[in-house]
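A.B. asks: The structure is given below, and queries will be raised subsequently.
The values are calculated or read from the model by the stated rules, or taken from the named source; none is laboratory data. Every value quoted in this text rests on a predicted model; they were computed, and no experiment measured them. With ideal geometry, Cβ positions are generated from the backbone for all residues, glycine too; neighbour counts draw on all protein chains shown. For the accessible areas, the whole protein counts, side chains as well, though only heavy atoms, and no ligand, DNA or RNA atoms are used. Shrake-Rupley method; radii C 1.70, N 1.55, O 1.52, S 1.80 Å.
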Amino acid sequence: MKTKSPFNDESRWQAVLDRDQTADGQFVFAVQTTGIYCRPSCRARHALRQNVRFYVDADAAENAGFRACKRCQPDKADPQQQRTHKVAAACRLLEQERTLTLDELAREVGVSAYHFHRMFKSVTGMTPKAWQQAWRARRLRETLASSDSVTDAVLAAGFPASSSYYRKADSSLGMTAKQYRRGGDDLPVRFTLASCSLGRCLVAASSRGICAVLPGDNDETLLRELEQIFPHAQREKADQAFSQLVAEVIAVLDGKHSTVQLPLDIRGTAFQQQVWQALRDIPTGETRSYQQVAQSINKPKAVRAVASACAANKLALLIPCHRVVRQSGALSGYRWGEARKAQLLRRETKQEG
Ligand SMILES: [Zn+2]
């Protein structure tokens, strides 16, 4: 596997030579002899390496006295990023109760209906209609999980396959509860490996959204981890369209954004989902103890179960389980290593302070 870190000049230069679109937004390069700076993927002829300098973003290059290239317009918002934002906005609209037609949706986000359909599919991998249906099913499941006191008991017992809850759920979900519990495990999962400030990182998505974000040191270990999490899924290396989604995730891993706009495919028991939602409510720069999280979901005695739910998180940073520490303030474990947890918390307190 090719290891490519965007964090040294050699790999940045390689990205420029490759006109690597996935590097766009991660840095810009400036040419001293012309005074112009570009996106990594700029189609213009390449300058000599010795005249090229790298900057983290357009602002940094401008401050150093360079002008934006007219061709690749590195000072303008990334067109791919704009597409992602439009699609994310459409996703939010589709997740509401109200049914919208394709025309209405396209109008809301300001593109033609034809264009919108293609754009939506290239970013999410599914049609707007399929998206809406997936969300209806999810809402139904969430209501089932939170409104029924029978459910609580069943969940606490860990979903025994023989319970009457399942027979009830089967008819409402339109699939067997066993299928539901497997959470569509056999759905295809697309993934890619990239570099970020935490080292290497594997990002995976199903047709429902981002389903795994795994930081690590080595690609082989990451691939094994993915296989363990989705043993039944068809695992496919992702194509170019996926790069926007990956760039969004990397921005979070690198601390540039606090969250992604695209939906998450969160699979877990209702209890785990409750814990994970509570974790997403912890603001950047703050931490909570396992006890506090247990209290926040009105299950003050479930401290150990909260700890296990944190350990079962598959979406590093997007579900910020690193913000949960022992009551004493000690870090305690982290699925992706204590050193990484310490690094993240240091970075976040610095950003806030
Ligand atoms: Zn350019």
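A.B. asks: Among the residues of region 107-114, is any in contact (Cβ under 8 Å) with a residue 24 or more places away in the chain and aromatic (Phe, Trp, Tyr)?
C.D. replies: no
A.B. asks: How about region 123-132: which of its residues are hydroxyl-bearing (Ser, Thr, Tyr) and open to solvent by less than 30 Å² (accessible area, probe 1.4 Å)? Steps first, answer last, please.
C.D. replies: Pass one, region 123-132, residues hydroxyl-bearing (Ser, Thr, Tyr): 124, 127.
Correct list: Thr124 only.
A.B. asks: For Ala316, indicate whether it is closer than 22 Å to Cys201 by Cα, in contact with a strand residue (DSSP E or B) (Cβ under 6 Å, 6 or more places away or on another chain) and of a type in the set (A, V, I, L, M, F, W, C). Walk me through how you get there before you give the answer.
C.D. replies: Details: closer than 22 Å to Cys201 by Cα: yes; in contact with a strand residue (DSSP E or B) (Cβ under 6 Å, 6 or more places away or on another chain): yes; of a type in the set (A, V, I, L, M, F, W, C): yes.
So Ala316 passes the test.
A.B. asks: Could you check region 316-353 and list, in sequence order, the residues that are in a helix (DSSP H, G or I) and open to solvent by 60 Å² or more (accessible area, probe 1.4 Å)?
C.D. replies: Hits for region 316-353 are Glu338, Ala339, Gln343, Arg346, Thr349, Lys350, Gln351, Glu352.
A.B. asks: Is there a residue being buried (at least 17 other Cβ atoms within 10 Å of the Cβ) and either of a type in the set (Ser, Thr, Tyr) or within 13 Å of the ligand (Cβ to nearest atom) (or both) anywhere in region 115-122?
C.D. replies: Looking only at region 115-122, we keep the residues that are buried (at least 17 other Cβ atoms within 10 Å of the Cβ), and these are 116-117, 119-120.
Subset that is either of a type in the set (Ser, Thr, Tyr) or within 13 Å of the ligand (Cβ to nearest atom) (or both): none.
There is no residue in region 115-122 that is buried (at least 17 other Cβ atoms within 10 Å of the Cβ) and either of a type in the set (Ser, Thr, Tyr) or within 13 Å of the ligand (Cβ to nearest atom) (or both).
A.B. asks: Next question, about the same structure. Could you check region 319-339 and list, in sequence order, the residues that are at pLDDT below 90 and under 18 Å from the mean Cα position of the chain (by Cα)?
C.D. replies: Listed by number, the residues that qualify are Arg335, Trp336.
A.B. asks: Take Val324 and decide whether it is in contact (Cβ under 8 Å) with a residue 40 or more places away in the chain, in contact with a helix residue (DSSP H, G or I) (Cβ under 9 Å, 6 or more places away or on another chain) and farther than 20 Å from Leu222 by Cβ.
C.D. replies: Details: in contact (Cβ under 8 Å) with a residue 40 or more places away in the chain: yes; in contact with a helix residue (DSSP H, G or I) (Cβ under 9 Å, 6 or more places away or on another chain): yes; farther than 20 Å from Leu222 by Cβ: yes.
Criteria met by Val324.
For (1) open to solvent by less than 30 Å² (accessible area, probe 1.4 Å); (2) of a type in the set (Ser, Thr, Tyr); (3) under 15 Å from the mean Cα position of the chain (by Cα), each residue gets a yes or a no:
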residue: Val246; (1), (2), (3): yes, no, yes
residue: Val260; (1), (2), (3): yes, no, yes
residue: Gln277; (1), (2), (3): no, no, yes
residue: Asp281; (1), (2), (3): no, no, no
residue: Gly285; (1), (2), (3): yes, no, no
residue: Asn298; (1), (2), (3): no, no, no
residue: Lys314; (1), (2), (3): no, no, yes
